[in-house]
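The values are calculated or read from the model by the stated rules, or taken from the named source; none is laboratory data. Just so it is clear, the structure is predicted and the values come from calculations on it, not from any experiment. Every residue, glycine as well, gets a Cβ built from its backbone with ideal geometry; the counts of neighbours run over all protein chains shown.
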Amino acid sequence: MDVQAELARQSVKRAAGLIDGDRRRHRRVQVALSGRFMRSNRDEHACTVKDLSVGGASIVTTVAPDPGERIIGYFEHIGGLDGSVARLTADGFAFQYKVSEHKHDKLVAQMTWLINRDVYPDEPGRRHERIGTKGRKTTLQLDEGIVLDVDLLDVSVSGASVATSARPAIGEDVVVGRIPAVVRRHHAQGLGIQFLTTLADDVLRANFP
């Protein structure tokens, strides 16, 4: 039996359980994600997410916003979330948000990845062989609809690396060529990007000839 594959399958099952009901309506994943949040007066503050679900998160910060106050958060690997302060806690506050069906599915996928990266500690976000693509070009479409011409450094059936000076937030939705994806990391030359679905070999070749 492939032990790593079995562990990954179990992790996916655990992540799917995030939408099951419990005392908080959604089960939490323990994380340690850096981020920032903006209060209703537009002041921004650093914070850390210590647990996360598809409906809320626990935020660690030295700043005490008002209960019920609107908060916009930007978090590592997750991107932007718009919600409100559910209650204050000893080390910060409980952040509650509602998301669209698309964002809900994306959050489940992101939390699955956060769980699975512990199964593959030496391969964060890279599960498939990368193909060098020196000299090739593609496009990168950002959330705002801005389309950039970028250098395609390498690509696999699960993701790509592109050279660009743009720095969209980790966790932000993008489109590489015509493939929906999410930003997973920043590097010296640009971005590491994960496709939302694993591509078949013929689809990969058709989109990145």
Next item on the list: Scan the range 37-60 and report the pairs whose first residue is free of Cβ contacts under 8 Å to residues at least 24 places away in the same chain and whose second residue is crowded, with 20+ Cβ neighbours inside 10 Å and not in a strand (DSSP E or B), with Cβ atoms within less than 9 Å and a gap of 6+ or a chain change.
Entry: HIS45/PRO65
Notebook entry, point to check: So how many residues does the range 63-91 have that are assigned to a strand (DSSP E or B) and of a type in the set (Asp, Glu)?
Noted result: 1
Margin query: With the requirement that a residue be within 26 Å of LEU81 (Cα to Cα) and free of Cβ contacts under 8 Å to residues at least 24 places away in the same chain, what does the range 184-209 give you?
Written below: HIS186, THR197
Note to self: Consider the range 36-55. How many of its residues are part of a strand (DSSP E or B) and at positive phi?
What the structure shows: 0
Notebook entry, point to check: Is there a residue in the range 184-203 that is out of contact with any strand residue (DSSP E or B) (no Cβ under 6 Å at 6 or more places or on another chain), assigned to a strand (DSSP E or B) and outside the structural domain of HIS104 (by TED's automatic domain parsing)?
Noted result: yes
